[in-house]
Amino acid sequence: QMWEEAIALGKELAEQYENEMFDYEQLSELLRKQAQFYENIVKVIRPKPDYFAVGYYGQGFPTFIRNKVFIYRGKEYERREDFEARLLTQFPNAEKMKTTSPPGDDIKTSSGQYIQCFTVKPKLDLPAKFHRPVSEQIVSFYRVNEVQRFEYSRPVRKGEKNPDNEFANMWIERTIYVTAYKLPGILRWFEVKSVFMVEISPLENAIETMQLTNDKINNMVQQHLNDPNLPINPLSMLLNGIVDPAVMGGFANYEKAFFTEKYMHEHPEDHDKIEKLKDLIAWQIPFLAEGIRIHGEKVTEALRPFHERMEACFRQLKDKVEKQYGVRAILSGLDERRGSRPRSMVRSFTMPSSSRPLSVASVSSLSSDSTPSRPGSDGFVLEPLLPKKMHSRSQDKLDKDDLDKDKKEKKKEKRNSKHQEIFDKEFKATDISLQQAEAVILSETISPLRPQRPKSQVLSMMSSERRFSVSPPSAQLTPPPITPRTKLAFSIQPNLELNGMSSSDIPDIPPPLPLKGSTADYGNLMESQDLISPTTSPPAHQR
């Protein structure tokens, strides 16, 4: 379960697979394993083994362990008693020492075997990459792995014994052990290379204890926020031991020992440390409040009376602490961990940039409303943001009306042309038949299935001169007198009229093509030109 070490080795292998061997199949499999390792680090709770200091004293031991101290890494969930029993099976003639203080020369020089064993605490040594606060689930690995310094604390009383408060004169004698290599390594035990001792004053011990308690509450709160399925019993025991004064006494013992006028007068140099201790006491309240809130959400009905008593004790404690040491408030770090939306995401949804083009849906909704949602915004201003194919129906209707007006004016100007006079003079008899075919022309202006011409028109065309044989087919397609009354205005009618005019009547600059209504219009135009071109070629007309 040392996934951090596996990830480091995997990165070396990935470099070989990617840049040396070019084995992408093995690389992909390795990266999938690394992803699983990262997920395990965050989600899987790993057991924390204990470390034991073992001293072999006496001339009866082999020379490589004689009068030396070693640090052992215990197995998972292995207690000190079980470890000692396993150790003594290797040396059945050895005698177990009852004290933890270093032995004298009489024991070291004796011919017997004496084993001293006690639990030591590994000292956290975070790698340099963790330069900012990280999750406790990540840091917990380095609390019991890659450690080289271990400490053992032994209480020592100095001065007169105070029966009312034992914390006032309780000093801590702390021994630091440094091993030859970091544990765990190729072995589960390494020799101690250096040992030194420091003394901790009662006030410094109180500050350490308060700091550790606050960290423990905060870490347990984070664990329950990350995993709501954790059991509630450890949280219940921790909170009740701090809140209920009948269990441990809380920090009231520190107040009696250090927050008195007598202590301040005798130790004026400890003023800063006393202020620090008061600050830690004040900071404990918001941590406890968050823990009790989580406990109330997860507590069962059987433990409801226990929770209510704990809440009552906490209210009294909170009032007292806030009155004496001030109010502290945790930042929104815990709220953000519960899944609140990041501020940047909220801004992106609620404050769209004015320079960003609006979507088609938003533009159409703004242009369709009678009252614009923003000052100065209407359908005509927002229209250029739309593609040409996405015009609204109302805009298409306006375009058609404009086209109809232009067509009517052009038709009126062209009625007096020379070709129209000839057409009216030669084919007056066909007016009635054209009036009857009006419905067919309106429904499909250009169609290969249009009705046949009347026989009277065919006879008159045959009797006419050759130079006038060009006009009737084009005039038949779109007769000018009928076009102004049409309700369905197709975009190719002006071009059809021009095809039937003589070369002298065609203007120098042809009129522009209308807007493309659909792709079928230009296809019809090409078909109509193919139908008309054999009979409307300029050389034939000049001839």
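The values are calculated or read from the model by the stated rules, or taken from the named source; none is laboratory data. No experiment lies behind these values; they were computed from the predicted model shown. Glycine gets a Cβ as well: all are built from the backbone with ideal geometry, and neighbour counts include every protein chain shown. Areas reflect the complete protein model, heavy atoms only, side chains present, ligands, DNA and RNA absent. Shrake-Rupley method; radii C 1.70, N 1.55, O 1.52, S 1.80 Å.
If you go through the range 56-101 and keep only what is hydrophobic (A, V, I, L, M, F, W, C) and farther than 19 Å from F150 by Cα, you end up with F61, F64, I65, A85, L87, L88, F91, A94, M97. Can you tell me which residues in the range 13-50 are in contact with a Gly (Cβ under 7 Å, 6 or more places away or on another chain) and outside any helix (DSSP H, G or I)? Within the range 13-50, P49, D50 qualify.
Looking across K75, K33, one residue alone is under 51 Å from the mean Cα position of the chain (by Cα) and within 30 Å of V120 (Cβ to Cβ). It is K75.
Exactly one residue out of T89, T109, T99 is polar (S, T, N, Q) and either within 30 Å of Q1 (Cα to Cα) or outside the structural domain of T179 (by the TED database) (or both), and it is T89. For the range 299-316, the condition of being among the small types (G, A, S) and under 23 Å from Q223 (Cα atoms) holds for none of the residues. Residues that are touching an Asp or Glu at 6+ places or on another chain (Cβ under 8 Å) and not assigned by the TED database to the domain that holds V147: does the range 5-18 have at least one? Yes; the residues of the range 5-18 include at least one that is touching an Asp or Glu at 6+ places or on another chain (Cβ under 8 Å) and not assigned by the TED database to the domain that holds V147.
One line per residue, one yes/no per condition, for (1) modelled with pLDDT of 90 or more; (2) in contact with a helix residue (DSSP H, G or I) (Cβ under 9 Å, 6 or more places away or on another chain):
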{"residue": "V198", "(1), (2)": "yes, no"}
{"residue": "N229", "(1), (2)": "no, no"}
{"residue": "A257", "(1), (2)": "no, yes"}
{"residue": "D270", "(1), (2)": "no, yes"}
{"residue": "A282", "(1), (2)": "yes, yes"}
{"residue": "P286", "(1), (2)": "yes, no"}
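The residue of the range 95-129 that is most open to solvent (accessible area, probe 1.4 Å), among those that are among the small types (G, A, S) and touching a residue at least 24 places away in the same chain (Cβ under 8 Å), is S111. Yes or no: the range 63-80 includes at least one residue that is out of contact with any His (no Cβ under 6 Å at 6 or more places or on another chain) and assigned to a helix (DSSP H, G or I). Yes - at least one qualifying residue is present in the range 63-80.
Condition check ((1) part of a strand (DSSP E or B); (2) among the charged types (D, E, K, R)) across all residues:
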| site | (1), (2) |
| --- | --- |
| S111 | no, no |
| C117 | yes, no |
| L124 | no, no |
| P127 | no, no |
| R154 | yes, yes |
| K161 | no, yes |
| A180 | yes, no |
| G185 | no, no |
